[in-house]
Amino acid sequence: MNVAQFLTIFISAVFIYNVILSRFLGLCSFIAISKETRPAIAMSLAVIFVTTMSSIITWLIYRFLLIPFNLEYLRTISFILVIATFVQLVEMIIRKIAPPFYRFFGIYLPLITVNCAVLGVAVLNADMFFVKGEAIPGSFYYSVFQGVCVGLGYMLAMLLMSGIRERLDFCEVPKAVKEFPLAFVIAAIMSMAFMGFNGFRF
Amino acid sequence: MKKLFHEFLKGIIKENPTFVLALGLCPTLAVSISLMNGLGMGVAATFVLICSNIIIAMIKNTIPEKIRIPCYIVVIATFVTITELIMKAYSPALNRALGIYVPLIVVNCIVLGRAEAYASKNSVMNSLFDGIGMGVGFTLALLLISGIREFLGAGKLFGYTLIKGFEPAFVLAMPPGALLVIGLLLGFFNILKERK
Amino acid sequence: MENKLTVSVSPHLHKNESVSKIMWLVGLSLLPSGIAGVLIFGTSALRVILLGIVSALFTEGILQILTKRKITIFDGSAFLTGLLLAYNLPAHVPFWIPIVGSGFAIAIGKQVFGGLGQNIFNPALVGRAFLMASWPRYIATFTTPLSYDAMTSATQDAVTSATPLALLKEGKILEHVSYLDLFLGRRGGCIGEVCIIALLIGAAFLLLRGYISWHIPGTYVLTVAVFTYIFAGENGLFTGDGIFHILSGGLILGAFFMATDYVSSPLTQKGQILFGIGCGLLTAIIRIWGGYPEGVSYAILMMNAATPIIDRFTKRRIYGK
């Protein structure tokens, strides 16, 4: 466990294997909510929070519940249930204790339950930081850090895209590619630009 | 019978999950590198879709309204786990190629979307055909995208080289290529729609 | 949205000059480095340049006919895109590389967004990124300058060599490349990027006439120099060769001619300085730790993507608000 490892996780999760532009997780929300900057930022913050928390929870479940009882095949079903329950719980708590905060950020929480990015990062952590049913040294810290970074990668793509799409409102875009098709083309170009980080080694 | 056939047909063109409803794009883009992968993902998702549609149509009256979504997710996740285990046992190569996108069928919006929007309101028979139609529509869309990407990105179709001397644009086999192809296809369908 | 009526897309020009005239003048300022490129690499460089330009004009025309827009192939902007794309290619690429690249640059980099003044990304760089990702073996093998052929005439048909940056990445020592060589362009590389002095002549012309300001190129080059001086050294911090990094690769071409594109760079001076620093950091990071030897085009593309956000946060305050 050292700084270089964390830096590599950061660069690959944020740029090279950007959750949206390269892994295509959370694409639906990316296309749907990136029309304006403010909601895009709120959604991204919600995603960062949930990916981080779900990394922690699913790691604990995988390490202390599924592996000891040889239940790895229940990974998918248990992860999604825990994540869904957790998100539901957080939504209820926020709505109760901080209504203004809820209006800014909480309304995006239910959407996140079925956001592939959240389940994706849990599955990725289980694939990357466990070898043959054993947690590798530093596994927990890597998992949590990867959760944060995946969220940050989501935020970066979201922020750039929302800025671009706000500007496109003032452009005479050809009718055939308006909205979705152009959003995909822009994402493709951004994805090509991020390929510049391929082969990053610190 | 005619009604059932209609349920089947609508998923292919009029309500194509990928191009018209824009659902389930994550796996579509991620696995559409080759026709074989596209077919594998299409069949797996179709299987889950049909089974979960049937089960949910059967139990729709017994589950309480408030917790219906978690219930749907449990049903879907069960079939996804079955698919995952079958694939691991009989086609490990495909399982490796599809990677994390097999478990991610759980959060594929098509499956949950059909459960919520269709199977929870319709009969078992109708839901079955809806599932088949949506599954086939999804698979066809996957085949179209992966065909374009495999041909232009690797110069092959189903792994066979077609034209000698053609230098494939490697980028189409990579993530940017997927985004580009789907963007241009959606634009192309928009043009077709306008013509009509 | 309340100010929608007063907002128009850039370039916002208050001078008595047309966009078209500026485009052609930028093209003119690129002439010296083009001539230098042809002198250094031979007529194959000229072929790449011509094919790039013709393909850009052709694609622009065809798409404007198909979409029933006004045909503007002679406003100089498509010409400039084709020219810049060709400048970013090695001289010995197959004939279809500049054709496909320019076509992609115009179609996906520009016309999809609605044409001149609306593109988010620099079209030439979009074309280059596409070629780089698609056919890396053509784009990343570089032509040896003719003068080298004369020196090592035993290998007449071995026309490719690595660029100084690529050699550096492989850990080879660069004894035979002096600063003077780099300055005059006696090295492997892309057609338009090698001859620094020719590029600087063109850049000086643009700066003196006020078509570009110092903010982007100045901060860009300085950031790369400082960052590589600190981190790129073999013997620990503060031993890197900043001057080498300025003179090699496509930094000068990118900083003065591509990062300064009116449409895809920020409007305010503060934004431009941020943009330049961002480009510099990304370029240096890719050069030092990335898999590719050169990062200029990727860095500018990434900052192009960030331009609307930069503009949003560096907007001048509206008076009285």
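All of A:PHE15, A:PHE24, A:PHE10 fail the test of being at positive phi and touching a helix residue (DSSP H, G or I) at 6+ places or on another chain (Cβ under 6 Å), apart from A:PHE24.
Could you tell me whether B:ALA45 is at pLDDT 80 or above, assigned to a helix (DSSP H, G or I), surrounded by fewer than 21 Cβ atoms within 10 Å (Cβ to Cβ) and away from chain A (no Cβ under 11 Å)? No; evaluated as a whole, the condition is false for this residue. Can you work out which of the residues in the stretch B:48-78 that are surrounded by fewer than 21 Cβ atoms within 10 Å (Cβ to Cβ) and within 14 Å of another protein chain (Cβ to nearest Cβ) is nearest to B:ALA30 (Cα to Cα)? Across the stretch B:48-78, the extreme among qualifying residues is B:THR78.
Residues that are in contact with a Phe, Trp or Tyr (Cβ under 9 Å, 6 or more places away or on another chain) and farther than 28 Å from A:GLU179 by Cβ within the stretch B:1-36 comprise B:LYS3, B:LEU4, B:PHE5, B:HIS6, B:GLU7, B:PHE8, B:SER34, B:LEU35, B:MET36, listed in sequence order. Taken over the stretch B:156-176, the criterion of being farther than 20 Å from B:GLY40 by Cα and not basic (Lys, Arg) is satisfied by B:THR161, B:LEU162, B:ILE163, B:GLY165, B:PHE166, B:GLU167, B:PRO168, B:ALA169, B:PHE170, B:VAL171, B:PRO176.
Scanning the stretch B:141-193 for residues that are at the interface with another protein chain (Cβ under 8 Å from one of its Cβ atoms), β-branched (Val, Ile, Thr) and closer than 19 Å to B:ALA97 by Cα yields a single hit, B:VAL171. Taking residues in the stretch C:93-116 that are more than 11 Å from chain A (Cβ to nearest Cβ), and partners anywhere that are among the aromatic types (Phe, Trp, Tyr), the pairs with Cβ atoms closer than 6 Å and at least 6 places apart or on different chains are C:VAL93/C:TYR138; C:ILE97/C:TYR138.
Looking at A:ALA117, is it closer than 25 Å to B:TYR72 by Cβ, within 19 Å of the chain's Cα centre (by Cα), at pLDDT below 85 and part of a helix (DSSP H, G or I)? Let's see the steps before the verdict.
Values: closer than 25 Å to B:TYR72 by Cβ: yes; within 19 Å of the chain's Cα centre (by Cα): yes; at pLDDT below 85: yes; part of a helix (DSSP H, G or I): yes.
Yes; evaluated as a whole, the condition is true for this residue.
Residues in the stretch A:147-202 that are at the interface with chain C (Cβ under 7 Å from one of its Cβ atoms) and part of a loop (DSSP other than H, G, I, E, B): A:PHE170, A:CYS171, A:GLU172, A:VAL173, A:PRO174, A:ASN198, A:GLY199, A:PHE200, A:ARG201, A:PHE202. Given the criteria assigned to a helix (DSSP H, G or I) and either at pLDDT 90 or above or among the hydrophobic types (A, V, I, L, M, F, W, C) (or both), does C:LEU89 qualify? Against the criterion (assigned to a helix (DSSP H, G or I) and either at pLDDT 90 or above or among the hydrophobic types (A, V, I, L, M, F, W, C) (or both)), C:LEU89 does not qualify. Annotation for the stretch B:109-121: at least one member residue is more than 14 Å from chain A (Cβ to nearest Cβ) and of a type in the set (A, V, I, L, M, F, W, C).
C:SER213 meets each of the listed conditions (1) more than 10 Å from every other protein chain (Cβ to nearest Cβ); (2) within 23 Å of C:GLY189 (Cα to Cα); (3) outside any helix (DSSP H, G or I) apart from (2).
Among residues of the stretch B:101-153 being crowded, with 24+ Cβ neighbours inside 10 Å and among the hydroxyl-bearing types (Ser, Thr, Tyr), the one that is farthest from the chain's Cα centre (by Cα) is B:SER127. The set of residues in the stretch C:164-204 that are at pLDDT below 75 and assigned to a loop (DSSP other than H, G, I, E, B) comprises C:GLU170, C:GLY171, C:LYS172, C:ILE173, C:LEU174, C:GLU175, C:HIS176, C:VAL177. Scanning the stretch A:1-26 for residues that are in a loop (DSSP other than H, G, I, E, B) and within 23 Å of A:GLY138 (Cα to Cα), we see that the one that is farthest from the other protein chains (Cβ to nearest Cβ) is A:MET1.
With C:LEU30, C:LEU51, C:LEU57 as the choices, which residue is of a type outside the set (Gly, Ala, Ser), in contact with a Phe, Trp or Tyr (Cβ under 7 Å, 6 or more places away or on another chain) and within 24 Å of C:LEU208 (Cβ to Cβ)? So that I can check it myself, show each step before the final result.
Working: C:LEU51 fails: within 24 Å of C:LEU208 (Cβ to Cβ); C:LEU57 fails: within 24 Å of C:LEU208 (Cβ to Cβ).
Testing whether each residue is of a type outside the set (Gly, Ala, Ser), in contact with a Phe, Trp or Tyr (Cβ under 7 Å, 6 or more places away or on another chain) and within 24 Å of C:LEU208 (Cβ to Cβ) leaves just C:LEU30.
Scanning the stretch C:246-301 for residues that are surrounded by fewer than 24 Cβ atoms within 10 Å (Cβ to Cβ), among the aliphatic types (A, V, I, L, M) and within 12 Å of chain A (Cβ to nearest Cβ) returns C:VAL263, C:LEU267, C:ILE285, C:ILE288. Looking only at the stretch A:120-146, residues that are within 14 Å of another protein chain (Cβ to nearest Cβ), part of a helix (DSSP H, G or I) and of a type in the set (A, V, I, L, M, F, W, C) come to 6 in all. The single condition among (1) within 14 Å of chain A (Cβ to nearest Cβ); (2) in contact with a Gly (Cβ under 6 Å, 6 or more places away or on another chain); (3) of a type outside the set (S, T, N, Q); (4) over 23 Å from C:PHE113 (Cα atoms) that B:LYS196 does not meet is (2). If I ask for residues that are touching a helix residue (DSSP H, G or I) at 6+ places or on another chain (Cβ under 7 Å) and either closer than 21 Å to A:ALA187 by Cα or among the charged types (D, E, K, R) (or both), which ones from the stretch C:259-282 would you list? C:ALA259, C:SER264, C:SER265, C:PRO266, C:LYS270, C:PHE275, C:GLY278, C:CYS279, C:LEU282, listed by residue number.
No other residue among B:LEU104, B:LEU128, B:LEU98 is touching a helix residue (DSSP H, G or I) at 6+ places or on another chain (Cβ under 7 Å), over 28 Å from B:LEU184 (Cα atoms) and not in a loop (DSSP other than H, G, I, E, B) apart from B:LEU128. Applying the set (1) under 20 Å from B:GLY99 (Cα atoms); (2) among the hydrophobic types (A, V, I, L, M, F, W, C); (3) assigned to a loop (DSSP other than H, G, I, E, B) to A:PHE69 leaves exactly one unmet item: (1).
The values are calculated or read from the model by the stated rules, or taken from the named source; none is laboratory data. All values reported here derive from a predicted model rather than from experimental measurement. Here Cβ is always computed from backbone atoms with ideal geometry, including for glycine, and neighbour counts include all displayed protein chains.
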